[in-house]
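Take a look at the structure below.
The values are calculated or read from the model by the stated rules, or taken from the named source; none is laboratory data. All of these numbers come straight from a predicted model, not from anything done at the bench. Backbone-built Cβ (ideal geometry, glycine too); neighbour counts: all protein chains shown. Note: accessible area is taken over every heavy atom of the protein model, side chains too, but ligands, DNA and RNA are not part of it. Shrake-Rupley method; radii C 1.70, N 1.55, O 1.52, S 1.80 Å.
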Amino acid sequence: MLQDRESLLKATLSELAKVRRAVLLRMFINSLTRGGPGGTPKPIELSSHDPIRYGGDMLAWLHQTIASERDLLSSFLPTKEAVLGVLCEVTEGVSRTLKIRVEQIINNTDDCITLLQICNIIQFYLSTIKPFLSETAPLISLISELNTQCRKQFNRHFALSVSRLSDRNELPGQDLVPTTAFQEALHLLKIILNTHDVSVVPDVSPLSSMTELLDVVIGPILTLCNMSASQLEPVDNAVYIINLVSCLYNVLAMYENTDNKLLLLQNKIDEELETLTNLQYDHMIKTTSIPPTEMINTERLSVVASKLDQALLNTELLWLQQCTRLSALRHRNAVWRGACEQFRQSLYNFDSVRV
């Protein structure tokens, strides 16, 4: 009958939403402060010292209650549209209470790992509550806003964590291996990637999720790498950066959906290898005293030939000692092969002049 009287139907649905909204808010506050009948389950706020459990319990309660509320409304309302409209208004009642508590959790948490776990929880419940409500529902908008706030807080605190490591001003040793600060940054990265790996978020692409995370965490670590290498000589700088970026590459290679960042890191390694190859070649030329082709004359041929013979009899003289500190054998081989190829061309030019 109400369906035939549109104005009366709207007034009835509005009054129903108002009543159920007050009921739902009272139920939410009771679950926070009093718990269930007889104290079971316990009040949610008893776990307020544990931000992960506290936030998760509130959102889990809302998810369960919204599902029950939808079933209740579906039992007597005429259409799905009416159910959806009333449910969106009803759930708006808990928004302010939820907002205050979740924002308090986010703002009072300064550990980036905990913040990432909270982000994953919010994202999970956002994805599971969405099917019950419309995209424009106030509660959905609120949870999306809280998710954004939590992500920004995670980004800020991760950058601060890496910045504190940079503030140590720890210089690399003569072995040119990663410093303690860089190793701690890699350890933090592993924990973050492991935390991300175990999160289960429906309707979110694993590739886009991982890409978004890596966009946040890789930049500060590369900045730490460049800062610690900034005071080194060119040869040491190239070797050190190759060693550090290779360590970062090996960490990312253990996880799925990291191909884009792996390509970026590989390009960085290749760039430094090219620089190091040229430096190695310059050292070989300097050791053997081979001048540019246009400067070769008959008077210098005997001197150059003598030094070249000595160097070829003891190839260790041709090898930059810093290159032996490259962590990966394939990188040492790549530098040696590239430099030798350039050196071979120089020998060819020298020999053509001598002939």
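Observations on the model:
- The angle between the Cα long axis of helix 6-33 and the main principal axis of the chain comes to about 70°, on a 0 to 90 degree scale.
- Panel note: the C-alpha atoms of the chain, placed on their principal axes, show extents of 113, 43, 24 Å (largest first).
- For the stretch 25-108, the fraction of 1.4 Å probe accessible surface lying on carbon and sulfur atoms is 53 percent.
- For the chain, the longest principal axis of the Cα atoms and the long axis of helix 51-74 meet at an angle of about 40 degrees.
- Projected label distance in nm at residue 60 and residue 14, using a 7 Å step from Cα toward the beta-carbon: 3.9 nm
- Largest to smallest accessible area among 6, 81 [probe 1.4 Å]: 81, 6
- Out-of-range pairs (alpha-carbon distance over 24 Å; input 42/99; 130/261; 99/261; 42/80; 190/268): 130/261; 99/261; 42/80
- Principal-axis tilt of helix 80-92 within the chain, Cα atoms, nearest 10 degrees: 80 degrees
- When both the stretch 214-252 and the stretch 117-157 are represented by their alpha-carbon centers, they are found 34 Å apart.
- Helices in the chain, meaning DSSP H runs of at least 4 residues, each add -39500 (n - 2.57). Divided by all residues, the mean residue ellipticity at 222 nm is -25500 deg cm²/dmol.
- Projecting label points 7 angstrom from Cα along Cα→Cβ for residue 274 and residue 260 puts them 2.3 nm apart.
- Value of relative contact order over the chain, rounded to a whole percent, pairs C-alpha under 8 Å and six or more apart: 13 percent
- Solvent-accessible area assigned to carbon and sulfur over the stretch 223-266 amounts to 51 percent, based on a 1.4 Å probe.
- The stretch 1-108: relative contact order as a whole-number percent, Cα under 8 Å and 6+ apart: 32 percent
- Selection from 88, 228, 52, by position along the positive dipole direction of the chain (Cβ): 88
- Residues 40, 288, sorted by accessible area with the largest first, give 40, 288 [1.4 Å probe; ligands and nucleic acids excluded].
- When the stretch 92-200 is described by a simple charge dipole with +1 on each Lys and Arg Cβ and -1 on each Asp and Glu Cβ, the residue from 195, 181, 115 located farthest towards its positive end is 115.
- Exposure of residue 341 as accessible area (Å², to 10), given a probe of 1.4 Å and all protein chains: 90 Å²
- Order of exposure, largest accessible area first, which applies to 124, 132, 28 with probe 1.4 Å: 124, 132, 28
- Rounded accessible area of residue 103 (nearest 10 Å², 1.4 Å probe): 40 Å²
- Rounded to the nearest 20, the Cβ-based charge dipole of the chain about its Cα centre (Lys and Arg +1, Asp and Glu -1) stands at 940 debye.
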